[in-house]
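J.: Right, I'll just put the structure down here and ask away after.
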Amino acid sequence: MSLKEALAATAYEVEKALDDLLPVPEGAEARVVEAMRYAVLGGGKRMRAFMVMEAATLFGVDRRCSARVAASVEMLHAYSLVHDDLPAMDDDDMRRGKPSCHKAFDEATAILAGDALLTRAFEVLGEPDTHSNPEARCELVIALGKASGAHGMVGGQMIDIASEGKQLTADEIGRLQALKTGRLIQYSAEAGAILGRANSMQRHMLVSYGRDVGAAFQIADDILDVEGTAEEVGKATGKDAAAGKATLVSILGLERAKMQADMLAKQAAEHLDSFGEKAANLRELAALVVARKN
Ligand code: GRG
């Protein structure tokens, strides 16, 4: 199976898991679940989900378990996109090629849908079907909390907001991006190791892989913001420059930024040497992340 086929097959599997995990209730609260489903189903590259599933495959984890963790990560990711698109944040009308959640529903519903996606993500991780070992479930919950909270993704978003109009150094931008984007991608690889009860060296290798893929991904995203069109990317482009936001592209220039992303993707793949052929898809994914057009 080619990487493209593997990505499509995993996306299908995770879509099914998300559909099952988000049933629409009776009653007036149905609207928030409809908004959650609107935000998380039927879109996105499912790159984080693929990383969870592929990393778990290295340890022969049951795919029904890893699909639940992949679905949790996609719920958490979707929450961040819904909240990031709100008028109080980035104020974006389009996401994944369709109206953003607050445009399709309303602002209050979008806030609630984001909140409920976040909480459902943790609930799913804690449920016995996710792993027979409660210690593994606790580790999944704690690591996701660290990756997504004030010392992770939300912290990165706070730094981003607090830095508006300021000239950041390359190191400061690197830290901001490692928190805002990188930590959840890193978690996606680490979650596979947690599910597989990997030893500390294997877990460390997957964490390093996730960290470098996350950094490469963000540089590629900044490059797309400069070079991509809204049709290709599924959201407005040119936003960083319009907002006067410093990125590694604005500091290093396009060519050096591309070199840096390529270097990180190569380094990410090298962290997986000890896993041999079984990690071929994850290695190819690292290359795809920097070559992508959306
Ligand atoms: C908690 C409000 C809040 C925000 C956290 C992650 C984040 C910060 C905001 C999301 C907006 C954003 C542009 C983040 C940068 C990371 C990024 C490029 C996300 C988009 O990820 P993709 O390309 O999206 O994987 P798909 O749609 O393919 O899932």
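J.: Which value, in debye to the nearest 20, gives the size of the charge dipole of segment 169-264 about its Cα centre, when Lys and Arg are +1 and Asp and Glu are -1 at the Cβ?
T.: Roughly 480 debye, rounded to the nearest 20.
J.: Net charge within 12 Å of Ala8 by Cβ-Cβ distance, Lys/Arg positive one each and Asp/Glu negative one each, not counting Ala8 itself? Display every interim value, and only then the final one.
T.: Numbers: positive: Lys4, Lys45, Arg46; negative: Glu5, Glu13, Glu15.
So the environment of Ala8 carries a net charge of 0.
J.: List the relative contact order of the chain as a percent without decimals, with contacts defined as Cα pairs under 8 Å and 6+ residues apart.
T.: Relative CO of the chain lands at 18 percent.
J.: Per the helix-only calculation at 222 nm, which mean residue ellipticity applies to the chain, given -39500 (n - 2.57) for every DSSP H run of n ≥ 4 and division by its residues, nearest 500 deg cm²/dmol?
T.: -21500 deg cm²/dmol
J.: Here is a follow-up. Longest span of the chain, sites excluded, free of trypsin sites (Lys or Arg not before Pro) in DSSP loop with at most 15 other C-beta atoms within 10 Å?
T.: 46-165
J.: Round to the nearest 10 and report in Å² the accessible area of Leu112, as given by a 1.4 Å probe over the protein chains' heavy atoms.
T.: Around 100 Å² of this residue is reachable by solvent.
J.: Given H placed on each backbone N at 1.01 Å, which residues far from Arg95 in sequence or on other chains put an amide H within less than 5 Å of it?
T.: Here the answer is Ser100, since their amide H atoms fall under 5 Å of that of Arg95.
J.: So what does Glu123 come to for accessible area, using a 1.4 Å probe and Å² rounded to 10?
T.: Result for Glu123: roughly 100 Å² accessible.
J.: Then there's this: What is the distance in Å between the Cα centroid of segment 89-138 and that of segment 8-47?
T.: That distance is 9 Å.
J.: For Val226, Val289, write out the residues from largest to smallest accessible area, computed with a 1.4 angstrom probe and no ligands counted. Don't skip to the end; give the middle numbers.
T.: Details: Val226 90, Val289 5 Å².
The ranking, largest first, comes out as Val226, Val289.
J.: Ok, one more. Within the accessible area of the chain, what % is carbon and sulfur when the probe is 1.4 Å and the other protein chains stay in place?
T.: Carbon and sulfur atoms account for 57 percent of the accessible area of the chain.
J.: Tabulate in residue order the Karplus-calculated ³J(HN,Hα) for segment 241-254, using 6.51 cos²θ - 1.76 cosθ + 1.60 with θ = phi - 60°, rounded to whole Hz; enter x for Gly and Pro.
T.: After applying 6.51 cos²θ - 1.76 cosθ + 1.60, I find 5, 4, 8, x, 7, 6, 10, 5, 5, 5, 7, 8, x, 4 Hz.
J.: Also: Report the Stokes-Einstein translational diffusion coefficient (µm² s⁻¹, integer) for the chain, Rh taken as the Kirkwood radius over Cα pairs, at 25 °C with viscosity 0.890 mPa s.
T.: 128
J.: Across segment 3-291, how many lysine pairs separated by 8 or more positions, or lying on different chains, have Cα atoms within less than 13 Å?
T.: For segment 3-291, the number of qualifying lysine pairs is 5.
J.: Additional query: In the neighborhood of Arg46, defined by Cβ-to-Cβ distances under 10 Å, what is the net charge if each Lys or Arg adds +1 and each Asp or Glu adds -1?
T.: Result for the neighbourhood of Arg46: -1.
The values are calculated or read from the model by the stated rules, or taken from the named source; none is laboratory data. These figures come from a predicted structure and were not determined experimentally. Using ideal geometry, Cβ is built from the backbone for each residue, glycine included, and neighbour counts are taken over all protein chains shown. When the accessible area is computed, the model is the full protein with side chains, heavy atoms only, and any ligands, DNA or RNA have been set aside. Shrake-Rupley method; radii C 1.70, N 1.55, O 1.52, S 1.80 Å.
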